[in-house]
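Chemist: Below: one structure in structure tokens.
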Amino acid sequence: MNSHKPETTNRFTMIAFILFTVLAVLPLFIYLRNPYFMGDLNYAFALIRIGMQLSKIRKSFSSILDSFLDKVQKHPQKTFLIFEENSYTYSQADKESNKVARALWTHAQLKEGDKAALLVGNEPQLVWVWLALAKLGCVASVLNSNIRSKSLLQCFSCCEAKVLIVGADLQEAVEEVLPVLREQGIRVFLLSDHSDVEGIESLSDKFEKASDQPLSPQLRANINLKSPAVYIYTSGTTGLPKAAVVNHERVWLASFLQAIAGVRSSDVLYLYLPLYHTAGLLMGLCGAINIGNP
């Protein structure tokens, strides 16, 4: 009788294995019939690609600016930015930001590690200046274009910026606090061809005369993944706005959201959010640069 026990045990083991296999595989077969299966699969592949890209960035640092410059080399004539009735290619954006960078380097003496505050509305010049500062290895502090007086001074002072770059339509907002800025030795540059206000220097005329040739990467040679990339401010609903220091790693993480959402390089992104917020600048603009879409 004992000779039959191993055979009975093997039979029960085989039956248990078959049942376990069926129970394990059955949900997969059911899920394959799910209409969202391919979407989930694409999402999983997107996460894998992002993980590989981030791992590569961590091993050999590159910034979102490097991603932009890579797109300039690969497809210079592809549309990068559409604003109102005008459109700009990657090559045009690169050259415009080169001119701004050279003007800031020459006239504002900005260098790697310096901070510059931007009080500019959503317009192409804000993008050129932001790219220019990155090319110089500087940290951009993007100010809410709606703040005034005490809030404006608070935001400016907490980032310890050397210069304030102002959109032409926001000159009056700066004039309100100009005496304080002048006392602190802060240089103010206006995105205009001329300025009649003492203490406010024109900038557009300077970068229009500057060369559009590429700048040396050595100007930003010491920037790494943990270096500050941009200052972004809270809304100030519970007091004065406060600055959040966003390093280059966090810029990358935010920029990946478009790829996770399935946005492709052939898509056109309509961005109506202000570029002084995380969603507009990092998820929107940087996300578009990472993917290579307009």
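The values are calculated or read from the model by the stated rules, or taken from the named source; none is laboratory data. Because the structure is predicted, anything quoted here is derived from the model rather than measured. Here Cβ is always computed from backbone atoms with ideal geometry, including for glycine, and neighbour counts include all displayed protein chains. To get the accessible areas, we keep the full protein, side chains included, count just its heavy atoms, and leave off ligands, DNA and RNA. Shrake-Rupley method; radii C 1.70, N 1.55, O 1.52, S 1.80 Å.
Chemist: Length gain on complete extension for the stretch residue 74 to residue 33, per 0.36 nm per residue less the alpha carbon to alpha carbon distance?
Modeler: Between residue 74 and residue 33, full extension yields 10.8 nm more.
Chemist: If one takes the longest principal axis of the Cα atoms in the chain, at what angle in degrees, from 0 to 90 and to the nearest 10, does the Cα axis of helix 64-74 lie?
Modeler: 90
Chemist: Please state the charge dipole magnitude for the chain, taken about the Cα centre, from unit charges on C-beta atoms (+1 on K and R, -1 on D and E), reported in debye and rounded to the nearest 20.
Modeler: Approximately 1580 debye in magnitude.
Chemist: Let me ask something else. What does the helix-only formula give at 222 nm for the chain: each DSSP H stretch with n ≥ 4 adding -39500 (n - 2.57), the total divided by the residues, and the result rounded to the nearest 500 deg cm²/dmol?
Modeler: Value at 222 nm, helices only: -14000 deg cm²/dmol.
Chemist: Can you compute the FRET efficiency between residue 209 and residue 109 using 1/(1 + (r/R0)^6), with r the Cβ-Cβ distance and R0 = 25 Å? Round to the nearest 0.05.
Modeler: That gives a FRET efficiency of 0.90.
Chemist: Still on this structure: Put a dot 7 Å past each Cα toward the Cβ at residue 279 and residue 160; how far apart are the dots in nm?
Modeler: 3.2
Chemist: Among the listed pairs 56/135; 71/99; 95/242; 150/206; 78/111, which have their C-alpha atoms separated by more than 25 angstrom in this model?
Modeler: Table pairs above 25 Å Cα-Cα are 95/242; 150/206; 78/111.
Chemist: Roughly speaking, what is the stretch gain from residue 182 to residue 61, that is 0.36 nm per residue apart minus the C-alpha to C-alpha distance, in nm to one decimal?
Modeler: Contour length minus Cα-Cα distance gives 39.7 nm.
Chemist: With angles folded into 0 to 90 degrees, how steeply does helix 149-158 sit against the dominant principal axis of the chain? Use alpha carbons for both and round to 10.
Modeler: So the inclination is approximately 70 degrees.
Chemist: Taking only protein heavy atoms and a 1.4 Å probe, what accessible area per residue, in Å², does the chain have with all protein chains in place?
Modeler: 55
Chemist: Principal axes first, then extents: for the Cα atoms of the range 131-232, list largest minus smallest coordinate on each axis, whole Å, largest first.
Modeler: Projected onto the principal axes, the Cα atoms of the range 131-232 cover 38, 33, 23 Å.
Chemist: Compute the separation of the alpha-carbon centres of the range 31-74 and the range 264-294 and state it in Å as a whole number.
Modeler: Each part reduced to its Cα centre gives a spacing of 16 Å.
Chemist: Evaluated at 25 °C with a viscosity of 0.890 mPa s, what Stokes-Einstein diffusion coefficient in µm²/s does the range 211-294 have when Rh comes from the Kirkwood expression over alpha-carbon pairs?
Modeler: D = 170 µm²/s.
Chemist: Quick one: with all protein chains in place, what share of the accessible area of the range 135-294 is carbon or sulfur, to the nearest percent (1.4 Å probe)?
Modeler: 51
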